[in-house]
Structures are given as C-alpha cells and as structure tokens.
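Visitor: The following block contains the structure, expressed as structure tokens.
The values are calculated or read from the model by the stated rules, or taken from the named source; none is laboratory data. Because the structure is predicted, anything quoted here is derived from the model rather than measured. We place every Cβ from the backbone using ideal geometry, glycine too, and count neighbours over all the protein chains shown. When the accessible area is computed, the model is the full protein with side chains, heavy atoms only, and any ligands, DNA or RNA have been set aside. Shrake-Rupley method; radii C 1.70, N 1.55, O 1.52, S 1.80 Å.
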Amino acid sequence: MASVYEHNQQKSVMLVSVHAIGSRNPMTRLARRLVLKGLHVTLAINDLALKNHSSIVGGVHLEYFSDGLPEDHDRLNGDIDIFMSSLRKFGPGNLSALIGSCGRKFSCIITMPFLPWAADVAAELGLPCAMVWIQACTVYQIFNCFYNRINEFPTKNNLENMVVNLPGVPTLRAEDFPSFVIPANTMSTFDSILKEVFCNIQKYKWVLGNSFMELEKDVIKAVNDAGLPFWPVGPIVPATYSGEEDTIDGDLKGLTPFKSAGGSNCLEWLDKHPPASVVYISFGTLLFLSRKQIESIATSLKSSKRPFLWVVKLPENQEAQKVEILEEIKEQGLIMSWSPQTAVLSHPSVGCFVSHCGWNSLIETITAGVPMIACPQWTDQPTNAKLVTDVWRIGVKLKKNVEGIFDGEEIERCVEEVLTGSRSEEFRKNAAGLKRAACEAVADGGSSDKNTQLFVDAVSSSCS
C-alpha cells in the first residue's frame, strides 16, 4: 500500500505570486512547507530570471508567466497602476497557458490577495482556489467588514471622533485603520482589487493566513464564526528562525532585486556588542525616507549614543546625500543599503527594531522575540502598530509632529523607553512569550502545522 507521502506526492498544486519581495517571500516559504507535507508544488511568478529556464529550489518548481510588460520596465520602482493593469490584462491568459504546458494535473491553485483574477482562471479550469492572506487576520476582518458594508467606518465628516468596534478586533480610531479604508486614500488600484476580493470571497475555498492562533485568537475565531474560511498557518518565516536548515530563502537570492553584499560584515559587527544593546532600523523594501526624516533619525541616534544598525534606502539620484547626512555618525553604528534581516533579528545583540510595521517584518520580529518601535506609514501598517502597542504590548509607536515626520526627540524617547524605560522588561517578556508561541505553532503538532496538514489532506481528498 502506498504511504501517505507517496499518495500526496501525486497531488500537484500551483502557487501564483508576483515578484515583489513582500509577496514572493511568504509564497515561496509556504510552497516549501507544502513540499515537506508531500505535495508536488509549482510556483508561478513573473520573474524575468525564470523566463528562459525553469528552476527547482528546495523542491519547489519555479515557473515564469509574463505580466505583459517589456523586459526593461521598472517593476520595482515604476508606476504600480501600470503594472497591475498589465498584469490583469495579460496575466490570466499567460497563467492558463503555463498551467496547460506544465504537463501535470493540478489539484488546486493557490494565489495571493492582489491577483484576484487567478481565482477566475482556477474556476475556468474547474479547480478549487485557495488564497494566502499575507497580512494580519485583524486586517482581513477590517477589510471584510468595510468592503461588505457590515459596519460603519470613518468618513470625512466624523474622521476625528469616530470609534469602530469590530468582532475580535481592539477598538479602532481613524489613525489605526489600513490606509485603503480611510477617506484620504489615493491608491484606487488597490482599493478596487481589495473590493473585488472581499465582495467575491466565496471564490476561495480556503484562506491560509500568515498568522497563528495564539497571536490573533479572538479575531480568528470571530472570522470563522462568521462563516469565512480562515486557517492560520503562520508564521510563514525563514526556517532558520526555528533552528532548521534554510533550503529556500538562501537559494532565492539570485532572484532578489537588492544588493546582498556586506551581510556577513554586519553580523561580525553585531558580534562585538553586548546583548540587547543595538538599535536595528529598517523600513522595508518599498519605502524611501525623505532627507528630513533621515536627518531626524540620525540626530536621535547621535544624541542617544547607542550603537545602531541602520538600513538606509535612497533613490539612486540621491545617493550622494547619504554621505553628507550620515557621515558624522558612521563611527557610532553601521549604515547599510541592505541587511540579512533574518540573521540580524536573531542576533542576541539586537535590543529593539525600529520598523515601518509591514506584516512580513512584524511577523519575523515576533518570531525572533525582539521588542519594537513602530513607525507606520501606509497600507496595513497603522493597524499592525496598534497590535504591537495595545494588544501584544511588545513596543511603542512613534508620534509624528505637525510636519508629518518623526522628529529626533521623539525617536530618542522611544528608544530609551523600549531599551531601559519602566516598561522595557514587560516588552522583553511579552516578546519572548510570543517567540515561544510562534515556534510552537509551526512545530510538529502545533496549531499552524495541524492547519497546514488539514489543508493538504483537504486538497488531496477533494481531488481524489
């Protein structure tokens, strides 16, 4: 009799993602987990590096589908509306053609939130579709209630005073909402995509969340009680956080559009510092800080006299400014254009993380057990910051001044509060507790591991 592994190996699934790191990373890591559960996994991605040849990384078969744009189009920093429009126009046909050319019978298509048309491709082929929700379940609940008009939300007339209470979610004010649901939102493309997703949520047989039950228990229960299928399978982070060998992230470096030089040097630099002493600062892969904001951060670091590791990203035409602004503090810390974040957050010398609170960075920080200083900018980040400060209590949130930036005194105040203030021990204790819960969730028999296995079994049995 064939083993369960051999039986599942006959079942093939295809994950579909865009090349942007914030989307690609959780999709590739989940793909690897599904391989370990016995599925044959293909990841379709609009990565030009795969155009002329397929690749297998960590047992995941990587395949290319065209987004319809010229090869020299700037997919990283170009107009997002142009990119998403082209992807919607050409993606469905090109993905269907790829599925037909793979020579395998797929049991399920697994997509992500910003490719709603992939669910239609699956339906046309008679295949069930799953969605990987790559943000917090709290944000999922907010979007569902907003786009389906289940609750009232802030308008221009009551923006300052309105308080919103949603099932399983802490009390929210306008400043706590994802930017797509407040009146000032200007990102019409993402707004229309999210509306399409949540007004047609029945297209997805399963929603697999990059969260875990112990992290968002109340809202996960509320979502499922309302009849929405949400299975937490996270944290979807590099395997090294659990002390395992990384067989996927490291081999994908060739597909990463950022420089990776200097990673080992920064770890050697961290080795020279005492435990929990270094301030780590990074604002993700998409956000460029203004010159004024960089000056404020530099001023606060100089005043604090604390060692720091700062990932500074500037547009190429502003690279000269970096030397001018940061020259006077370069001996106090380490300034880089890229860092190996997994290794940095896991390093014992890192005492806190000053972050934009993007969900990928936040879930990695939780898994590493590092207290945070939240600097939310847009999209889901304000909601994530609310969870950091008021629900999990693992850090503080920076307050913007009248100019809309974080000034030096405020940054220094928050650094001191997290590292040595009256609540610093509470932050460290809570962060350590979430770290343990995160590791237990994905360990054999943990809550997220069980959900992953349930999904594999469901896909296998429904297509038998």
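Visitor: Going by the structure shown, is Pro382 within 24 Å of Pro26 (Cβ to Cβ), at pLDDT 95 or above and not polar (S, T, N, Q)?
Guide: Answer is yes for this residue.
Visitor: Identify all residues within region 203-226 that are of a type outside the set (Lys, Arg), open to solvent by 60 Å² or more (accessible area, probe 1.4 Å) and either at pLDDT below 95 or not in a helix (DSSP H, G or I) (or both); write none if there are none.
Guide: Result: Met213, Glu214, Ala226.
Visitor: Working only within region 186-202, note down all residues that are outside any helix (DSSP H, G or I) and at pLDDT 95 or above.
Guide: Of everything in region 186-202, those that are outside any helix (DSSP H, G or I) and at pLDDT 95 or above turn out to be Cys199, Asn200.
Visitor: What's the number of the condition Asp176 fails, among (1) of a type in the set (D, E, K, R); (2) open to solvent by less than 30 Å² (accessible area, probe 1.4 Å); (3) within 30 Å of Ser460 (Cα to Cα)?
Guide: Of everything listed in (1) of a type in the set (D, E, K, R); (2) open to solvent by less than 30 Å² (accessible area, probe 1.4 Å); (3) within 30 Å of Ser460 (Cα to Cα), Asp176 misses just condition (3).
Visitor: Scanning for something more than 23 Å from Pro340 (Cβ to Cβ), modelled with pLDDT of 95 or more, β-branched (Val, Ile, Thr) and not in a loop (DSSP other than H, G, I, E, B), does region 394-409 turn up at least one residue?
Guide: Checking region 394-409: at least one residue is more than 23 Å from Pro340 (Cβ to Cβ), modelled with pLDDT of 95 or more, β-branched (Val, Ile, Thr) and not in a loop (DSSP other than H, G, I, E, B).
Visitor: Pick from region 39-65 the residues that are at pLDDT below 95 and of a type in the set (Gly, Ala, Ser): which of them is surrounded by the fewest Cβ atoms within 10 Å (Cβ to Cβ)?
Guide: Filtering region 39-65 for residues that are at pLDDT below 95 and of a type in the set (Gly, Ala, Ser), the one surrounded by the fewest Cβ atoms within 10 Å (Cβ to Cβ) comes out as Ser54.
Visitor: While we're looking at this one, here's another question. For region 79-174, which helices (runs of 4 or more DSSP H) that fit wholly inside it have 2 or more residues that are in contact with a Lys or Arg (Cβ under 7 Å, 6 or more places away or on another chain)?
Guide: Details: elements: 80-101, 117-124, 137-147.
In region 79-174, the matching helices (runs of 4 or more DSSP H) lie at 117-124.
Visitor: Within region 66-104, take every residue that is open to solvent by 40 Å² or more (accessible area, probe 1.4 Å) and of a type in the set (Val, Ile, Thr) and give me the one that is modelled with the lowest pLDDT.
Guide: Looking at the filtered set, the residue picked out is Ile80.
Visitor: Within region 332-364, how many residues turn out to be aliphatic (A, V, I, L, M) and under 20 Å from Leu215 (Cα atoms)?
Guide: The number of residues fulfilling the criteria is 3.
Visitor: More than 16 Å from Ser277 (Cα to Cα), open to solvent by 40 Å² or more (accessible area, probe 1.4 Å), touching a helix residue (DSSP H, G or I) at 6+ places or on another chain (Cβ under 7 Å) and part of a loop (DSSP other than H, G, I, E, B): which single residue out of Trp338, Trp378 fits that description?
Guide: Result of the check over Trp338, Trp378: Trp378.
Visitor: Give region 272-292 a look and list any residue that's closer than 18 Å to Phe353 by Cβ and modelled with pLDDT of 85 or more, or say none.
Guide: Listed by number, the residues that qualify are His273, Pro274, Pro275, Ala276, Ser277, Val278, Val279, Tyr280, Ile281, Ser282, Phe283.
Visitor: Out of all the residues in region 49-63, is one or more of a type in the set (A, V, I, L, M, F, W, C) and over 29 Å from Asn451 (Cβ atoms)? Before the answer, list the steps.
Guide: Taking region 49-63 first, the residues of a type in the set (A, V, I, L, M, F, W, C) are 49-50, 56-57, 60, 62.
Filter once more, keeping what is over 29 Å from Asn451 (Cβ atoms): 49-50.
The answer is yes; a qualifying residue exists.
Visitor: Find the residue count for region 394-407, including only residues that are in contact with a helix residue (DSSP H, G or I) (Cβ under 9 Å, 6 or more places away or on another chain) and open to solvent by 10 Å² or more (accessible area, probe 1.4 Å).
Guide: 8
Visitor: In region 82-109, how many are touching a residue at least 12 places away in the same chain (Cβ under 8 Å) and either closer than 20 Å to Ser460 by Cα or among the charged types (D, E, K, R) (or both)?
Guide: Residues in region 82-109 being touching a residue at least 12 places away in the same chain (Cβ under 8 Å) and either closer than 20 Å to Ser460 by Cα or among the charged types (D, E, K, R) (or both): 10 in total.
Visitor: Determine the pairs where a residue that is over 27 Å from Val60 (Cα atoms), located within region 252-278, has a partner that is surrounded by fewer than 15 Cβ atoms within 10 Å (Cβ to Cβ) and at pLDDT 90 or above with Cβ atoms under 8 Å apart, the partner being 6 or more residues away or on another chain.
Guide: From residues that are over 27 Å from Val60 (Cα atoms), the pairs are Pro275/Pro348; Ala276/Pro348.
Visitor: Hey, another quick one. Just the residues that are open to solvent by 10 Å² or more (accessible area, probe 1.4 Å) and within 19 Å of Val459 (Cα to Cα), please, taken from region 227-236. Give the derivation first.
Guide: The initial filter retains those residues of region 227-236 that are open to solvent by 10 Å² or more (accessible area, probe 1.4 Å), namely 227-229, 231.
Result: Leu228, Pro229, Trp231.
Visitor: Restrict the check to region 348-357 and report whether at least one residue is surrounded by fewer than 21 Cβ atoms within 10 Å (Cβ to Cβ) and modelled with pLDDT under 95.
Guide: Checking region 348-357: not a single residue is surrounded by fewer than 21 Cβ atoms within 10 Å (Cβ to Cβ) and modelled with pLDDT under 95.
Visitor: What do you reckon, is Lys305 exposed (fewer than 14 other Cβ atoms within 10 Å of the Cβ), at pLDDT 90 or above and basic (Lys, Arg)?
Guide: Yes; evaluated as a whole, the condition is true for this residue.
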